[in-house]
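As structure tokens, the structure follows; a few thoughts come after it.
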Amino acid sequence: MKIRNLIDEIDYIELVNLEDMSYEIEGISYNSKKARPNDIFICLTGEHVDGHEYAEEAAANGAVVFVVERRLNIDVPQIVVSSTEEMIARISSIFYGNPSRKLNIIGVTGTNGKTTVTHLIQKLYEANGQKCALIGTLGHKFSSDDSYHDAKHTTPQAPELQDILFNINEKCIDNVVMEVSSHSLVQHRVDYVDFNGAVLTNLTQDHLDFHITMGNYFKAKALLFAQLVAGDFAIINSDDKYADAFMGVISPTVSTYTYAVNKDADVRAKDVIFEHDGASFTCVVKGKEYKTKLTMNGMFSVYNILAAITTALALDFDIEKSIRVLEKIPGVAGRFEIVVNKPTVIVDYAHTPDGLENVLKAAREITPKNGQLICIFGCGGDRDATKRPQMGEIAERLADKVIVTSDNPRSENPQQIITDILAGIKKVNDVIVEPDRELAIKEAYKLANANDVVLVAGKGHEDYQILAAETIHFDDREKVREIFLGD
């Protein structure tokens, strides 16, 4: 792409050393170590790193034009803008030919359930004969049968995201369902992505280390819905306490649909029953009833299924057919995944107070009367510390036995994280504390009888553990099979 074509489409303050407009830009970079010849380098300013300080290294690696917020003291072509964080999304979209305009994109946001709901929607598209790509926590994939292509973030940074959308379009795929994190909305990673629909799962406490207040967290999530325009659709969980607030930011020209368990809604579940082999309920869609039997379990799974059915309604898919497709889906890796039977051992990604409460309640539903519910969990380091005692209180209240361990301690002292968790527990002497996660699972093995249910919470699908000095391979599911089955 010629630099003159880019300049014509962006707002800038001034151009420095940029008389020659014939520069051919071949790529976008924002990490100086990964800068390549003929790249345009974006000097991002973040919490910990200022890209302006690494411009010289980027130039040495071949970057030819620099987007900056202040003039660099090196003799290179520079485009001075008010915000490089905002401009990187604009430049990325232009560079890749504004690919989102050629796609139907549904964004799914919320604290819990995003991954499952995106997978469910992808299956619904495919069941209706339409190709659908997926972008989210586990990476991106071009179909449900495709293997995952790794991602560093739930929602990739703008250049990677626009590149993925470009490739989706090149593969003649018309539809995309995408997890949209609150960080990505605030950090402008999804700016210039043309969303055609947005789905809210729920909003509960998480990421307050970044957002500080729930009000800020809501405002971040609400950005997805505020950008919808006539012809788009929004799907809201009416049972969520922020439902009305979300409805308030949606344009009246947008088609809005609701789902719920406890309130009247366009799509509602009633007579919900949980059994060991899944949940069953009557799904009421615009007054018409459909008997539904899932292979997934827990009330959170019911909500995820309702979100998907409501999306089917918005897309004008056949509801009966959609429900039958969703009934057969076993669930997403690491989300209430039953890894072992007798005792029943469940691995789940729950890492927030609401997530842990939901999954413990679901686990209780399938715990026999003569069995006990054992919970193993920890909390991540360098993250919202205020949720730690809350999760301790929830575990003590809902489980029969609690084992507190490490999650991803990162740079924090694991013992301090555990101390924060124990602050929410009244009977600390009844809790087993084992910082080593593998040994904590072994403690559960010693405690558990055949009728018991063991929940290993916090990491789910993750196959690594982030420690202060290194990241090691650690998969809860592998460890559970190894310890409980001898695999």
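Answer yes if at least one residue in region 126-145 is assigned by TED's automatic domain parsing to the domain that holds LYS219, farther than 22 Å from ASP240 by Cβ, in contact with a Gly (Cβ under 8 Å, 6 or more places away or on another chain) and surrounded by fewer than 19 Cβ atoms within 10 Å (Cβ to Cβ), and no otherwise. Step through it out loud before you land on a result.
Applying the first criterion (assigned by TED's automatic domain parsing to the domain that holds LYS219) to region 126-145 yields 126-145.
When the remaining residues are screened for being farther than 22 Å from ASP240 by Cβ, the result is 126-135, 138-145.
From what is left, the residues that are in contact with a Gly (Cβ under 8 Å, 6 or more places away or on another chain) are none.
So far as region 126-145 goes, no, none of its residues is assigned by TED's automatic domain parsing to the domain that holds LYS219, farther than 22 Å from ASP240 by Cβ, in contact with a Gly (Cβ under 8 Å, 6 or more places away or on another chain) and surrounded by fewer than 19 Cβ atoms within 10 Å (Cβ to Cβ).
Any residue at all in region 47-54 that's assigned to a loop (DSSP other than H, G, I, E, B), among the acidic types (Asp, Glu), touching a His at 6+ places or on another chain (Cβ under 8 Å) and free of Cβ contacts under 8 Å to residues at least 40 places away in the same chain? Give the steps one after another, and end with the answer.
If we filter region 47-54 for residues that are assigned to a loop (DSSP other than H, G, I, E, B), which is where we start, we get 47-49.
Narrowing the set further to residues that are among the acidic types (Asp, Glu) leaves 47.
Now drop any that are not touching a His at 6+ places or on another chain (Cβ under 8 Å), which leaves none.
Within region 47-54 (the criterion being assigned to a loop (DSSP other than H, G, I, E, B), among the acidic types (Asp, Glu), touching a His at 6+ places or on another chain (Cβ under 8 Å) and free of Cβ contacts under 8 Å to residues at least 40 places away in the same chain), the answer is no, since none of the residues qualifies.
For region 356-397, give me the residue count where each residue is closer than 16 Å to ASN112 by Cβ and either of a type in the set (D, E, K, R) or more than 24 Å from the chain's Cα centre (by Cα) (or both). Write out each step before concluding.
Taking region 356-397 as the starting set, the residues that turn out to be closer than 16 Å to ASN112 by Cβ are 356-363, 377, 379-380, 383-384, 387, 390-391, 394.
Retained after the next criterion (residues that are either of a type in the set (D, E, K, R) or more than 24 Å from the chain's Cα centre (by Cα) (or both)): 357, 361, 383-384, 387.
Final tally of qualifying residues: 5.
Condition test on ASP463, is it of a type in the set (Asp, Glu), outside the structural domain of THR137 (by TED's automatic domain parsing) and crowded, with 18+ Cβ neighbours inside 10 Å? First the steps, then the outcome.
Numbers: of a type in the set (Asp, Glu): yes; outside the structural domain of THR137 (by TED's automatic domain parsing): yes; crowded, with 18+ Cβ neighbours inside 10 Å: no.
The answer is no for ASP463.
Only one residue in GLU320, GLU357 is outside the structural domain of LEU120 (by TED's automatic domain parsing), more than 23 Å from THR256 (Cβ to Cβ) and either among the basic types (Lys, Arg) or surrounded by fewer than 23 Cβ atoms within 10 Å (Cβ to Cβ) (or both), so which one is that? Walk me through it before giving the result.
On the way: GLU320 fails: outside the structural domain of LEU120 (by TED's automatic domain parsing).
The match here is GLU357.
Can you tell me which condition TYR192 does not meet? The list is (1) at positive phi; (2) in a strand (DSSP E or B); (3) of a type in the set (Phe, Trp, Tyr), and all the others hold.
Among (1) at positive phi; (2) in a strand (DSSP E or B); (3) of a type in the set (Phe, Trp, Tyr), TYR192 violates only (2).
Buried (at least 21 other Cβ atoms within 10 Å of the Cβ) and either modelled with pLDDT under 95 or within 19 Å of VAL456 (Cα to Cα) (or both): is that true of LYS387 in this structure? So that I can check it myself, show each step before the final result.
Details: buried (at least 21 other Cβ atoms within 10 Å of the Cβ): yes; either modelled with pLDDT under 95 or within 19 Å of VAL456 (Cα to Cα) (or both): yes.
Yes.
Being over 30 Å from VAL340 (Cβ atoms) and either outside the structural domain of ILE106 (by TED's automatic domain parsing) or in a strand (DSSP E or B) (or both) is the requirement here; does LYS263 meet it?
Details: over 30 Å from VAL340 (Cβ atoms): yes; either outside the structural domain of ILE106 (by TED's automatic domain parsing) or in a strand (DSSP E or B) (or both): no.
Taking the combined requirement at face value, the residue does not satisfy it.
State whether one or more residues within region 104-121 are closer than 16 Å to ILE173 by Cα, surrounded by fewer than 20 Cβ atoms within 10 Å (Cβ to Cβ) and touching a residue at least 24 places away in the same chain (Cβ under 8 Å).
There is at least one residue in region 104-121 that is closer than 16 Å to ILE173 by Cα, surrounded by fewer than 20 Cβ atoms within 10 Å (Cβ to Cβ) and touching a residue at least 24 places away in the same chain (Cβ under 8 Å).
Test ALA395 against the criterion of being outside any loop (DSSP other than H, G, I, E, B) and free of Cβ contacts under 8 Å to residues at least 60 places away in the same chain, and give yes or no.
Working: outside any loop (DSSP other than H, G, I, E, B): yes; free of Cβ contacts under 8 Å to residues at least 60 places away in the same chain: yes.
Yes.
Restricting attention to region 141-178, and to residues there that are in a strand (DSSP E or B) and modelled with pLDDT of 95 or more, which single residue is farthest from GLY113 (Cα to Cα)?
Taking region 141-178 first, the residues in a strand (DSSP E or B) are 141, 149, 175-178.
Okay, now just the ones that are also modelled with pLDDT of 95 or more, so 141, 175-178.
Values: LYS141: 18, ASN175: 20, VAL176: 17, VAL177: 14, MET178: 12 Å.
For region 141-178, the residue satisfying everything is ASN175.
Considering every residue within region 435-458, establish whether at least one is out of contact with any strand residue (DSSP E or B) (no Cβ under 8 Å at 6 or more places or on another chain) and β-branched (Val, Ile, Thr).
There is no residue in region 435-458 that is out of contact with any strand residue (DSSP E or B) (no Cβ under 8 Å at 6 or more places or on another chain) and β-branched (Val, Ile, Thr).
Name the residues in region 459-482 that are part of a loop (DSSP other than H, G, I, E, B) and closer than 19 Å to ASP348 by Cβ, would you?
Here is the first cut: in region 459-482, the residues part of a loop (DSSP other than H, G, I, E, B) are 459-463, 467-470, 474-475.
If the condition is that a residue be part of a loop (DSSP other than H, G, I, E, B) and closer than 19 Å to ASP348 by Cβ, then LYS459, GLY460, HIS461, GLU462, ASP463, PHE474, ASP475 are the ones that fit.
In the list ILE173, ILE273, ILE236, which residue meets the criterion of being over 25 Å from GLN162 (Cβ atoms), in contact with a strand residue (DSSP E or B) (Cβ under 9 Å, 6 or more places away or on another chain), in the same structural domain as LEU124 (by TED's automatic domain parsing) and surrounded by fewer than 21 Cβ atoms within 10 Å (Cβ to Cβ)? Step through it out loud before you land on a result.
Numbers: ILE173 fails: over 25 Å from GLN162 (Cβ atoms); ILE236 fails: surrounded by fewer than 21 Cβ atoms within 10 Å (Cβ to Cβ).
The unique qualifying residue is ILE273.
Checking the condition within 35 Å of the chain's Cα centre (by Cα) and modelled with pLDDT under 95, which residue from GLU26, GLU47 passes?
Working: GLU26 fails: modelled with pLDDT under 95.
Of GLU26, GLU47, the one residue that is within 35 Å of the chain's Cα centre (by Cα) and modelled with pLDDT under 95 is GLU47.
Hey, can you tell me all the residues within region 65-116 that are hydroxyl-bearing (Ser, Thr, Tyr), within 19 Å of VAL177 (Cβ to Cβ) and in a helix (DSSP H, G or I)? Don't jump to the end; show me each part of the working.
Step one: list which residues in region 65-116 are hydroxyl-bearing (Ser, Thr, Tyr), which gives 82-84, 92-93, 96, 100, 109, 111, 115-116.
Filter once more, keeping what is within 19 Å of VAL177 (Cβ to Cβ): 100, 109, 111, 115-116.
SER100, THR115, THR116 - these are the residues of region 65-116 that are hydroxyl-bearing (Ser, Thr, Tyr), within 19 Å of VAL177 (Cβ to Cβ) and in a helix (DSSP H, G or I).
Does ARG335 meet the test of being buried (at least 24 other Cβ atoms within 10 Å of the Cβ), assigned to a loop (DSSP other than H, G, I, E, B) and either of a type in the set (Asp, Glu) or modelled with pLDDT under 95 (or both)?
Details: buried (at least 24 other Cβ atoms within 10 Å of the Cβ): yes; assigned to a loop (DSSP other than H, G, I, E, B): yes; either of a type in the set (Asp, Glu) or modelled with pLDDT under 95 (or both): yes.
Against the criterion (buried (at least 24 other Cβ atoms within 10 Å of the Cβ), assigned to a loop (DSSP other than H, G, I, E, B) and either of a type in the set (Asp, Glu) or modelled with pLDDT under 95 (or both)), ARG335 qualifies.
The values are calculated or read from the model by the stated rules, or taken from the named source; none is laboratory data. This is a predicted model, so every value here is computed, not measured. Every residue, glycine among them, receives a Cβ derived from its backbone with ideal geometry; neighbour counts consider all protein chains shown.
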